[in-house]
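See structure below.
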Amino acid sequence: MGKEHKPGRSLRNHPRSWAFASGVALLAFVAVTGAWSQQAAEGDGIDSGNYNIKQSVEFGYRFTDFTGSQATYGTFVNLQQGPRLLDMTLEMRSLDHHGLLFDRLYLSNFGYGGDPNNVSRLRVGKNKWYDFSALFRRDENVWDYSLLANPLNPASTFTNAPAGFNPIIGTSPHLFNTRRRMGDYDLTLLPDSKVRFRLGYSRNVNEGPSFSTLHQGTEALLLQNYRNTVNAYRLGVDFKLLPKTNISYDQIFNYFKGDTGQTDQNQQFALANGTPVDIGISLNAAANQPCGGTFLPTGGINPACNGFLSYSRNGRVRTSMPTEQLSFQSTYFKNVDLSGRASYTGGDMNVFGYQELLSGRESRTNLRNNEVSGPASGRHVAATVDFGATWHVTDKFRMLDTFTFSSFRNPAQFGSSNCQFFSPSLTTAPNIFNPTPTAGCTLPADGVVGIPVHSTSSAADVFQNFSSLLLKQDEKTNLFQLEYDFTRRLGARLGYRFRHRAIADSDFERTAELFYPSNANRGDCALVAGLLPAGCTANGDGSFTFKTPLPIATDTGEVLINEHSGLFGIWARPTDAWRINLDMELASADNSFTRISPREWQEYRLRTTYKVASWVNLNGSVNILEKRNNVSEINNLQHSRLYGGGAIFEPNDRLSLELGYDYSDDFSQILVCFVSTVAPAGIAKCPGSTVLSEELSIYTNKSHYGYFDVMWRPIHRLTTHLGYNVTSTTGSALFLNPNAPTGPLDSNYHRPYGGFDYLFAKGLTGKAYWGYYGYHEDPSLVPQDLVAPRNFRGNLVTLSMRYAF
Amino acid sequence: MRRSKTPKRLALSLILTWAAVFLAAPVAAGAADKPKQTPEAPSTRYQRVTDPSLYVGAETCKTCHEDIFNNYEKTPHFVTTLENKRGPEWQGCEACHGPGKEHVESGGDKTKIFTFKGASAEASSARCLDCHSYGEEHSNFARSAHLQNNVGCIDCHSPHHAKESEHLMKEKQPQLCYGCHLEAKQQFNRPFHHRVNEGMVQCTDCHNPHGGFQTRQLRATASSDAVCFKCHSEKAGPFVHEHPPVKTEGCVSCHTPHGSANPRLLKRSQVNLMCLECHSLTIDAGAPATPTFHNQAQKYQACTLCHVAIHGSNFDPFFFK
């Protein structure tokens, strides 16, 4: 898979780039002298016809020079070298407020030319007739951070390995190089009338190459052509026919298309007969992964190994999601504000043409070929009712109530047909049982008639499986609050929230299986005390058939959770320049759905902003969230505490300084059960297990964030900027794998920048900016740039010209 | 299972609450009614004065407030001066500031007209909401966290001196939001983050600053799913094999959506640490425990290497595909 971004290049190596940038600057400078005399001051625009027009465009060139991990640079920054349309805006306003097609137009763009983020915004409207807005966004998502989904293979020695073989995986097995294009378009007709119409359309396309993995014997690396598309259509009508009341109806239709397919194109090795094979990416000789004796002394891969000769999987997922919504807002009743909404969604999901084809080997089961097909379908049924009321009892006292009912049900089923063929090695052709034909299966091209060689773990040769599952949740929440403004400068509120959740699921499975010899009495037809189990029948030719005995039980489960929260808040304006807000929530629940869902939690938030003087602004915030689910066998405690402060100094329009600091402290502890061959000695076993060890998994993450930004205009034409952002993270976790690096838990991310704007003439500004991106892990190791594989340093210089009128 | 009585109690309490509101509101409103509102008595409910003789028109305001008028003329609010179907209380400067005759006749006495500066957030916002509350975007502002914390419309918007012409904002996002929400600035500057600072995503894409029915003023998709699925649509499902917490607890049970030092915005630095916190042997726990052959010292520490379709799968109960 080719990567779009290129290695960094130095300025020294590209004289043509210098010439290009210089030429742009010279052209612009020359053009200015003629234009200047016709320019109005920037910001006023020019009047042309019936419109006032303001426009700006900034065009430039970016030079990049980076060292270190290209993968991490692409994941974090992904700014490459080349010309750029850095910014472009257009604003038009009708002078007489009766423009022919529009009265207002606003258009902005940035990032075009090669940046990973490109955005265009458009708003255009004509008084009383229409408002139209459009938003287009394009996003390049390069992901190659190697820690996640990485088998972290040890540096083990593989006997007879070919020259240059290295089991260490340096890239992410779930690498992404996709493009997301999102467009949102909304039109409102007759916006000021008693009946107005709204039309909308959104499109979201996410596509591109990526990697994925599949576990079957080994973990094969799959090439995944990612493509998902959503088209959403919206139609709405607002009725303001009743006094002080608006009623709206919306019809929304979302259509999702998932066309992502996977193939295995990672056959980097070959069998002794020259057949290419993918042995997967989990390579650990000591643990016999992918198998013992992976490489033969005579060359080639051991045919008894787990491996993929070929693999493909595809299916078309189509999900249609129509939603009807009725909403209203009303201030008809004196001193009472009402709003409400009710919506219903009845969505359908279908998978068409699902097919999975594998040719390879799963050594545990002797699987040699596998075909899976079958339809999948499901529904998403959701109903929501929201209601809110505010009663202004007096000018100082208010009562508020918000009620929410939300329910969803996701029933879905998959009816699969599976045909499996077996053989004892990658070089042995799969056997086709004879005389009974393998009905309904496509026989493998290299299959030979014979008795399949099964292991005791082999699944059925042919089976149909029908899975029908349901997940649903009903949620009812009511929040009641009292608000009182003691004075114009002090107010408080008190509230109580009750939430009831009912989560339920069910699972229904029905299976029909055909077991051929050899070892036909296996799986669901394994003899129990010498007898066939219920559902199994002998077919007379040595094969056995199994059908799930009737009646088929449905597994169900339900979790009920009741949450109670007390809320309190206070706001204060000691002076017009000073604002203080404090609010807190104390809550408890009588149950939890997951081990990490809290049964008790408290949240405290304090914010303050203070304009000390006309040129000094201070602000600060404290956010503390404490959670507990410290029942036995879980012992979960969590907290997230953020503290921050900042200041802005702007003594005049020629000098400003902004600086700030934030500190965050994340902590979690919970009992976990696991198996690890490097588990510390002496730790207890999990209750109910003689194999699983129990240990308190403690996670800490402390992050410091500091920044400053200085703007200084020593002379009218010259504006300089200097700034710095740094995020420093330290932490610890329970590392169970000796190869796992601390990675992001011990990292620094530096981003200083600086530059200047020079006003050549009215409306024409030249800019030169430098930015540095430096990411370092394991700062305790020196020299860190050589040791930590994910470090990078990038210097970016952007030269541009901005013209505005 | 024995049915809980809680839903019935909840329903009863709601009915009683709403009944109290609807039955008592007219009575209390009658008691709270004031004489015809004068400019000197601002209220948290905007009662427009309908006597046309008290209005002077926007051109009169311009004679003293020319700079403000010139700015105002460039904004969408100026269209109110073209309003000819309703009375002067809906037109121009006086549509927000109230009748100006007394203010003009007194030579500019600020106490004779409503000034937003110094008014409470409730009172000033009530004037905006009298026109702008109709529509899902603003209909819940009265119950929003912002207004409850005395942050009103003009704390973010400036009808006269907007720096950003789009929505008449005092500052563009996210700098406007960072002015109070400092912690968000730190989070979006972490290595892995939603691209808010890059301009790709705005705070208002996920949050409705004017309030809503969800906690933290989060938006939702049309099908009542988490707002995350608007962009991350392939995670929405429905799936045959759901990973239930994705739908019941939400994406934030595993991810920190603003920013994280951890890849994929996860709450933990290593995938297995995240998974083991739920998938550990616990009596009565819903999540299945990790099998005994999942040696965490080997490849099994990378859970998603095998359990790839972790947000839900149509084809495999173990999320292998």
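Here are some notes:
- Here is the figure for segment A:566-585: residues that are under 30 Å from the mean Cα position of the chain (by Cα) and of a type outside the set (D, E, K, R) total 1.
- Filter result for A:GLU513 (over 27 Å from A:LEU469 (Cβ atoms) and crowded, with 19+ Cβ neighbours inside 10 Å): no
- Flag for B:GLN214 being out of contact with any strand residue (DSSP E or B) (no Cβ under 9 Å at 6 or more places or on another chain) and without any contact (Cβ under 8 Å) to a residue 40 or more places away in the chain: no
- The condition of being free of Cβ contacts under 8 Å to residues at least 60 places away in the same chain and among the aromatic types (Phe, Trp, Tyr) holds for only one of A:PHE408, A:PHE352, A:PHE433, that being A:PHE352.
- One residue alone among A:THR188, A:THR157, A:THR213 is polar (S, T, N, Q), outside any loop (DSSP other than H, G, I, E, B) and touching a helix residue (DSSP H, G or I) at 6+ places or on another chain (Cβ under 7 Å), and that residue is A:THR213.
- Residues within segment A:161-183 that are polar (S, T, N, Q) and crowded, with 18+ Cβ neighbours inside 10 Å, tallied: 3
- Checking each residue in segment A:594-605 for being within 11 Å of chain B (Cβ to nearest Cβ) and closer than 25 Å to B:TYR178 by Cβ picks out A:GLU603, A:ARG605.
- Residue in segment B:131-139 that is of a type in the set (A, V, I, L, M, F, W, C), part of a helix (DSSP H, G or I) and surrounded by fewer than 23 Cβ atoms within 10 Å (Cβ to Cβ) present: yes
- The set of residues from segment A:345-377 being at the interface with chain B (Cβ under 10 Å from one of its Cβ atoms) and acidic (Asp, Glu) comprises A:ASP348, A:GLU356.
- Meets criteria (crowded, with 22+ Cβ neighbours inside 10 Å and at pLDDT 95 or above) for A:THR213: yes
- Total residues in segment A:695-710 satisfying the condition of being under 16 Å from A:LEU734 (Cα atoms) and either crowded, with 18+ Cβ neighbours inside 10 Å or among the β-branched types (Val, Ile, Thr) (or both): the figure is 6.
- Residue that is in a strand (DSSP E or B), surrounded by 15 or more Cβ atoms within 10 Å (Cβ to Cβ), within 9 Å of chain B (Cβ to nearest Cβ) and without any contact (Cβ under 8 Å) to a residue 40 or more places away in the chain, where the choices are A:ASN246, A:ASN204: A:ASN204
- Residue selected from segment B:184-205 under the condition assigned to a helix (DSSP H, G or I) and within 17 Å of B:HIS167 (Cα to Cα), by the criterion farthest from the other protein chains (Cβ to nearest Cβ): B:CYS203
- Condition check for B:TYR300 on (1) more than 7 Å from every other protein chain (Cβ to nearest Cβ); (2) at pLDDT 95 or above; (3) not in a loop (DSSP other than H, G, I, E, B): one failure, at (2).
- The residue pairs whose first member lies in segment B:263-276 and is over 16 Å from A:THR730 (Cβ atoms), whose second member is crowded, with 24+ Cβ neighbours inside 10 Å and among the aromatic types (Phe, Trp, Tyr), and whose beta carbons are closer than 7 Å, counting only pairs six or more residues apart or on different chains, are B:PRO263/A:TYR145; B:LEU276/A:PHE674.
- Criterion violated by B:CYS254 - all others in (1) surrounded by 22 or more Cβ atoms within 10 Å (Cβ to Cβ); (2) of a type outside the set (S, T, N, Q); (3) more than 7 Å from chain A (Cβ to nearest Cβ); (4) in contact with a Phe, Trp or Tyr (Cβ under 8 Å, 6 or more places away or on another chain) satisfied: (4)
- Scanning segment A:509-546 for residues that are touching a residue at least 40 places away in the same chain (Cβ under 8 Å), of a type in the set (A, V, I, L, M) and farther than 18 Å from A:ASN366 by Cα yields one hit, A:ALA512.
- The number of residues in segment A:165-185 being in a loop (DSSP other than H, G, I, E, B) and among the hydroxyl-bearing types (Ser, Thr, Tyr) comes to 2.
- For segment A:459-503, residues that are among the polar types (S, T, N, Q), within 27 Å of B:ALA119 (Cβ to Cβ) and either in a loop (DSSP other than H, G, I, E, B) or at the interface with another protein chain (Cβ under 9 Å from one of its Cβ atoms) (or both) total 1.
- Among residues of segment A:66-78 that are within 13 Å of chain B (Cβ to nearest Cβ), those with a beta-carbon under 9 Å from a residue that is of a type in the set (Ser, Thr, Tyr) and assigned to a helix (DSSP H, G or I) at least six positions away or on a different chain give the pairs A:SER69/A:THR75.
- Applying the criterion of being polar (S, T, N, Q) and in a helix (DSSP H, G or I) to the residues of segment B:208-237, the residue that is nearest to the other protein chains (Cβ to nearest Cβ) is B:SER233.
- Test: residue in segment A:554-573 that is part of a loop (DSSP other than H, G, I, E, B), at pLDDT below 95 and over 30 Å from A:GLU626 (Cα atoms): yes
- Number of the condition not met by A:ASN591 [criteria: (1) under 30 Å from the mean Cα position of the chain (by Cα); (2) surrounded by fewer than 17 Cβ atoms within 10 Å (Cβ to Cβ); (3) more than 9 Å from chain B (Cβ to nearest Cβ); (4) not in a loop (DSSP other than H, G, I, E, B)]: (4)
- One residue stands out in segment B:303-316 among those that are more than 7 Å from every other protein chain (Cβ to nearest Cβ) and part of a loop (DSSP other than H, G, I, E, B): the one that is farthest from the chain's Cα centre (by Cα), namely B:ASP316.
- Subset of segment A:130-148 (residues that are under 15 Å from the mean Cα position of the chain (by Cα) and outside any strand (DSSP E or B)): A:ASP144, A:TYR145, A:LEU148
- Any hit, segment A:534-542, residues being among the hydrophobic types (A, V, I, L, M, F, W, C) and part of a loop (DSSP other than H, G, I, E, B): yes
- Lone qualifier among A:ASP186, A:ASP144 - being under 24 Å from A:LYS257 (Cβ atoms), acidic (Asp, Glu) and more than 9 Å from chain B (Cβ to nearest Cβ): A:ASP186
The values are calculated or read from the model by the stated rules, or taken from the named source; none is laboratory data. This structure is a prediction, so every number in the text was calculated from the model and none was measured. A quick note on method: Cβ atoms are made from the backbone with ideal geometry, for glycine too, and the neighbour counts reach across all protein chains shown.
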